[in-house]
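Working notes, structure below.
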Amino acid sequence: MIFPKVQQNRNGAVAGIASLEYDVLKQWDERIRSVGLCRDEQIFPRISSTRLQEKIAQQSTLIQVLSNEIKAIEETLQAAHFFIIVDTSGVILKLQGNDDILQRIDMLNIGPGTPVMVEHSGYNAIAVAMETGMIALVQGKEHTLNLFHSWNCICAPIRVKGTIQAYVNLTFPVEIDPTFAVPLLQHIARMTEKRLQTDGINTGHEIVYKTFETYQLTERQKEVAYAWLQGYTYTQIAQSLYISIHTVRTILKTVYDKTGVNSKSAFIRKFT
């Protein structure tokens, strides 16, 4: 997380491009330039189908609960729209909405398995929500990519027991006032969180952490190991935990030793 000064506001505060500090935006621009992202980008990469299925399996319960909450409220939406469910590493797990829009989106290779972090998609609501931990709104031409200039996007984190487990994003035409979307996303997030907590459902995060405990991992080792399992890079883990990349590498080596694996693929197979 690169916005340590920004805290989640339970009263509905929304993070937007205009509200972010200059230094933060400068960091974003540097990250975008470093990967050569083009404003006219039309085709997006996807992670492997095997890795995607692993991610979906880890979050299957949350995905189902969140999808049901979306369905329950979709009837109230008259305009064209689609929802995106994203995991904590910034990879799309599911799209939900109008069939004709989803077909057009799929032609751009945007779908389950597509990364939407700032390095892959530039300025967008999901990336802002991931970086701030707040509900985020990005409108029209605030998006880096031209193909999103006709859309407004708003994204909310899904928290379970105080920990972000996923994100839900709503995208709709730029002509529509986005004011309605804030309470709508808040409602979906709140009902999802309530259902998961009330039903006593173990999330993928909790299950994996309990497994980590059997290998006597420390709390810091669990944090790094879980982020690694979710597809975070050394740099992303270092930024989110405020530690150096060297420390991340050292911790992962210890994790591998404790869990009896010698590669990332073996680590993923063991804990998914």
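Quick notes on this one:
- Scope the range 230-252; condition touching a Ser or Thr at 6+ places or on another chain (Cβ under 7 Å) and either closer than 22 Å to V160 by Cβ or among the small types (G, A, S) (or both); matching residues: Q230, G231, Y232, A238
Conditions tested, residue by residue: (1) surrounded by fewer than 19 Cβ atoms within 10 Å (Cβ to Cβ); (2) among the charged types (D, E, K, R); (3) more than 27 Å from E131 (Cβ to Cβ).
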position	(1), (2), (3)
T211	yes, no, yes
E223	yes, yes, no
T235	yes, no, no
L241	yes, no, no
I245	yes, no, no
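- Within the range 77-92, residues that are in the same structural domain as P178 (by TED's automatic domain parsing) and farther than 14 Å from V118 by Cα have Cβ atoms under 6 Å from residues that are of a type in the set (K, R) and surrounded by 22 or more Cβ atoms within 10 Å (Cβ to Cβ) in these pairs: D87/K55, counting only partners at least 6 apart in sequence or on another chain.
- Contact map, the range 216-231: residues that are touching a residue at least 40 places away in the same chain (Cβ under 8 Å) and on the phi > 0 side of the Ramachandran plot paired with residues that are assigned to a loop (DSSP other than H, G, I, E, B) and surrounded by fewer than 21 Cβ atoms within 10 Å (Cβ to Cβ), Cβ distance under 7 Å, separation 6+ or inter-chain. Pairs shown: G231/S89.
- Scanning the range 84-100 for residues that are farther than 23 Å from G162 by Cβ and surrounded by fewer than 23 Cβ atoms within 10 Å (Cβ to Cβ) yields a total of 7.
- Options L93, L62; residue that is of a type outside the set (D, E) and assigned to a helix (DSSP H, G or I): L62
- Restricted to the range 162-196, and to residues there that are assigned to a helix (DSSP H, G or I) and among the charged types (D, E, K, R), the residue that is surrounded by the fewest Cβ atoms within 10 Å (Cβ to Cβ) is K194.
- Contact map, the range 50-61: residues that are within 16 Å of G111 (Cα to Cα) paired with residues that are at pLDDT below 85 and basic (K, R), Cβ distance under 7 Å, separation 6+ or inter-chain. No pairs are found.
- Matching entry among I268, I243 (being part of a helix (DSSP H, G or I) and of a type in the set (V, I, T)): I268
- Single condition I207 does not satisfy, out of (1) within 30 Å of F83 (Cβ to Cβ); (2) surrounded by 18 or more Cβ atoms within 10 Å (Cβ to Cβ): (2)
- Members of the range 96-110 that are of a type outside the set (S, T, N, Q) and either modelled with pLDDT of 90 or more or in a strand (DSSP E or B) (or both): G97
- Test for Y215: is it surrounded by 13 or more Cβ atoms within 10 Å (Cβ to Cβ), at pLDDT 90 or above, outside any helix (DSSP H, G or I) and touching a Ser or Thr at 6+ places or on another chain (Cβ under 7 Å): yes
A quick yes/no check of all residues on (1) of a type in the set (A, V, I, L, M, F, W, C); (2) more than 30 Å from R190 (Cα to Cα); (3) buried (at least 18 other Cβ atoms within 10 Å of the Cβ):
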| residue | (1), (2), (3) |
| --- | --- |
| G16 | no, no, yes |
| L25 | yes, no, no |
| C38 | yes, yes, no |
| L52 | yes, no, yes |
| Q64 | no, no, no |
| E75 | no, no, no |
| Q78 | no, no, no |
| L102 | yes, no, no |
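- Hey, L184 closer than 22 Å to Q58 by Cβ, touching a residue at least 12 places away in the same chain (Cβ under 8 Å) and more than 15 Å from the chain's Cα centre (by Cα) or not: no
- Flag if A129 is in the same structural domain as A181 (by TED's automatic domain parsing), part of a strand (DSSP E or B), in contact (Cβ under 8 Å) with a residue 60 or more places away in the chain and surrounded by 24 or more Cβ atoms within 10 Å (Cβ to Cβ): no
The values are calculated or read from the model by the stated rules, or taken from the named source; none is laboratory data. Quantities reported herein were computed from a predicted structural model and do not represent experimental measurements. Virtual Cβ from ideal backbone geometry, glycine too; neighbours counted across all protein chains shown.
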